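Structure first, commentary second.
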Amino acid sequence: MDIEKTIRAVQEALGVEVDGKAGPQTWSAIATRIVPDQVPTLESATSPDLDTRSKTNIDTLLPEVRPYAIALIQKAALNGIKIKIISGLRTYAEQDALYAKGRPDNPPKVTNAKGGQSNHNFGIAFDVGVFEGNAYLTDSPKYKAVGALGMDLGLDWGGNWKTFKDEPHFQLRPTWANGMPEKEMLAELRQRKEDGKDVFV
């Protein structure tokens, strides 16, 4: 059985975005069709699993991305891993301030991306933190486990990057950018931001 082909067929029948990945939109549409009286909301304001910090950061993301962040928290919890969303949308100025950390002579560097060169600048990316109790873990094999869960939802994971691996990082790639190099996608995102155009249309 070709799973991706099956998912695409289901998505087409349900009238949701056809990308071959069973993410939150697809599952919500399936639930609406099969058990409409038990469909959980994906709005951050009503999700019982969210801490204040996560909710605040999720609310900065584009509406299309928020359900994925919530779903990742819930999916991690089902697998015994506590995560919080510790970063969401950043302005260009905030990104430049992060870029300056560790430069020129006081490593470690935090990011290689200046303002306008990060998907955080467009509301489609977020970072997670793994926690044990109230303790934030900066380094843990659990980040790889969460990475696998995020990819299963259809998110891009920073742990797969070749030059600057960023295991806490996740982003939702627009369908128009499928197969597009990261630099080209970012250039298009900058242009859309400048033109006031929707990211996901």
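Laboratory data are not the source of any read-out in this text; all were calculated from the coordinates shown. Values in this document were obtained by computation on a predicted structure and should not be read as measured data. Cβ atoms come from the backbone with ideal geometry, glycine included; neighbour counts cover every protein chain shown.
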Using the alpha-carbon centroid of each, what span in Å lies between segment 60-99 and segment 119-151? 8 Å
Given charges at Cβ of Lys, Arg, Asp, Glu: the chain dipole, positive-most of Gly147, Thr111, Gly179: Thr111
In the set (i) 58, 43, 34; (ii) 53, 36, 30; (iii) 43, 34, 33, which value of Cα extents along the principal axes in Å was calculated from the structure you see? (i)
Label-to-label distance, nm, for residues given as Met1 and Asp139 (7 Å Cα→Cβ offset): 4.2 nm
Helix-only CD estimate at 222 nm, as mean residue ellipticity for the chain, using -39500 (n - 2.57) per DSSP H run (n ≥ 4): -12000 deg cm²/dmol
Sites matching trypsin sites (Lys or Arg not before Pro) across segment 128-187 that sit in DSSP coil, with at most 16 neighbouring C-beta atoms within 10 Å: Lys162, Lys165
Given labels modelled 7 Å from the Cα in the Cβ direction, how far is it in nm from Arg33 to Asn160? 2.6 nm
Using a Förster distance of 30 Å, the FRET efficiency for Glu132-Glu94 (Cβ separation, nearest 0.05): 0.60
In a GNM of the chain with a 10 Å cut-off on Cα contacts, which of Pro63, Pro181, Pro168 has the highest mean-square fluctuation? Pro181
Going residue by residue through segment 99-108, the Karplus relation 6.51 cos²θ - 1.76 cosθ + 1.60 with θ = phi - 60° gives ³J(HN,Hα) values, rounded to whole Hz and with x marking Gly or Pro, of 4, 5, 5, x, 10, x, 10, 10, x, x
